[in-house]
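Read through the structure below, which is laid out as structure tokens, and then see the notes.
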């Protein structure tokens, strides 16, 4: 089995303020993302994204709106990826989004043998993205 090399980790964030007519004041939220590409033998195989949206104020993150993780590009149809879990939570006034996928050899949605796991995450604060990670096991 070939070892996988992880590179091309990309962190980004975006922010926007919204005002809803049913609220007495505006609600500020941020969207943070982390993108990671899995490489095998110098060839890109799959690109993964985790995205989180959360409310924040001057003190920090207050609550999670959503967390989603997905495969944004599969360069090799012989590699099948399934999401095992994704989660988002607030701790110490920061947003934490985490996800795990597993990948296997196969075609279409049928995989013949699991090769390993992919882990991706992003951390956001009141200013946007703070850090992120992406690795395989």
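Checking residue 77 against (1) modelled with pLDDT of 95 or more; (2) on the phi < 0 side of the Ramachandran plot, which test does it fail? It fails just one condition, (1).
Only residues that are surrounded by 12 or more Cβ atoms within 10 Å (Cβ to Cβ) and either closer than 21 Å to residue 115 by Cβ or modelled with pLDDT of 85 or more (or both) were counted across the range 6-59, and they come to 29. Scanning the range 99-135 for residues that are closer than 17 Å to residue 38 by Cα, surrounded by fewer than 20 Cβ atoms within 10 Å (Cβ to Cβ) and under 15 Å from the mean Cα position of the chain (by Cα) turns up 100, 102, 117, 119, 133, 135. Scanning the range 89-97 turns up at least one residue that is within 25 Å of residue 129 (Cα to Cα), out of contact with any strand residue (DSSP E or B) (no Cβ under 6 Å at 6 or more places or on another chain) and either surrounded by fewer than 17 Cβ atoms within 10 Å (Cβ to Cβ) or modelled with pLDDT under 95 (or both). Taking the criterion of being free of Cβ contacts under 8 Å to residues at least 40 places away in the same chain and more than 12 Å from residue 123 (Cα to Cα), the residues of the range 50-63 that qualify are 55, 62, 63.
The values are calculated or read from the model by the stated rules, or taken from the named source; none is laboratory data. These figures come from a predicted structure and were not determined experimentally. Here Cβ is always computed from backbone atoms with ideal geometry, including for glycine, and neighbour counts include all displayed protein chains.
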